[in-house]
Amino acid sequence: MGDNIENARRLILHQIEKLFNERFCNNIVLLRNELWRTAENCCPITLYRYRPDNLYELDALDRGEVHLSRICDFDDPMDTFPLLCPEKIDEVIDSQCTESNIRILIEKQYPLLPEEEKEKYCSLVIDWFSTEKYDDFKYLIKETISERVDELRQRLRCACFTEASESKFMWNEYANSGKGFCLEYQLENGMYECECNRIGPCDITLVTSFLPVVYDGQADVYQHSHVLAGYYDNWLIPSGEEHLVKLVMALHKRPQYKREKEWRILAEDCGECEGAVFVKIPPSRIIVGPKCSDEIRACLKEIANKRGIPTVESRCE
């Protein structure tokens, strides 16, 4: 099982790096397919979720739901916050603010304007590019991009899994010091339907199926800052490239979290989701915590019998 996970992790990360460097894909569906193609032989893989001993978690288990939390609510404020390159954004802005583009815009805006007037307006704008106001304009765009990044983080949701089986650290950190339980999942490369309590259909979008987290710091999107720059003025961005940047944003964490050995299911909500958002994934096994109370243990066994899920006692001391 360990080799299976390591192979899947290695192949998926290699494919992400290839796609990101080559800007291969302009379609999110093709991106998902290409991302997982080389890892198909490694699936299913076994992952775990350590849960505390409360009624909310028992109720979610009873319904076979995995809750998707807002990433911006995580303890680490740098989680999914990308490293941007101001110089790269400046290049994007400069590439748009050219004399030829100005002429095209003036032509579209004022098609009946005499040619000499068009030339006059064009010269005025070009002269403006050499003033401090143009630098202020670019600064404003970069400030707006930072705000847009925060907006993206507000909409990214995540369900966290781990490779760590019977981890004392994970029991203590996420299962109330062993008083809770751990859910084992056999996860395959597939699309899981997101649900929420919004009235009417919800267009929440899965960014990808499963991602192994890389513990090397913040996401480096220096060479793709132009994608986030496009959010300033609704520039047309290929959907695959946009989602690839979001994917990379959510892929990296700081090294101090390495013991968590995390994998993620990611989704971006529609902005109008009401209440909880979740995916339906039944666990393959319930592992009862080493310090689980008789009351919680009885609830777990009742749910397990109802849903046909085996239970085992934790071997962790």
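The values are calculated or read from the model by the stated rules, or taken from the named source; none is laboratory data. Quick caveat, the model's predicted, so the values are computed rather than measured. We place every Cβ from the backbone using ideal geometry, glycine too, and count neighbours over all the protein chains shown. Heavy atoms of the whole protein, side chains included, go into the accessibility calculation; ligands, DNA and RNA do not. Shrake-Rupley method; radii C 1.70, N 1.55, O 1.52, S 1.80 Å.
Before moving on, here are some points about what is shown:
- Top-ranked residue in region 53-70 [being in a helix (DSSP H, G or I) and of a type in the set (Asp, Glu); ranked as nearest to the chain's Cα centre (by Cα)]: Glu57
- Qualifying residue in region 104-117 (condition: more than 30 Å from Glu163 (Cβ to Cβ), at pLDDT 85 or above and buried (at least 16 other Cβ atoms within 10 Å of the Cβ)): yes
- Only one entry in Glu132, Glu143, Glu173, Glu166 is on the phi > 0 side of the Ramachandran plot and not small (Gly, Ala, Ser), namely Glu166.
- Test: residue in region 71-79 that is modelled with pLDDT of 70 or more, surrounded by fewer than 16 Cβ atoms within 10 Å (Cβ to Cβ) and either of a type in the set (Ser, Thr, Tyr) or part of a helix (DSSP H, G or I) (or both): yes
- Of residues in region 143-172 being out of contact with any Lys or Arg (no Cβ under 9 Å at 6 or more places or on another chain) and either modelled with pLDDT of 80 or more or outside any helix (DSSP H, G or I) (or both), the one least open to solvent (accessible area, probe 1.4 Å): Ser165
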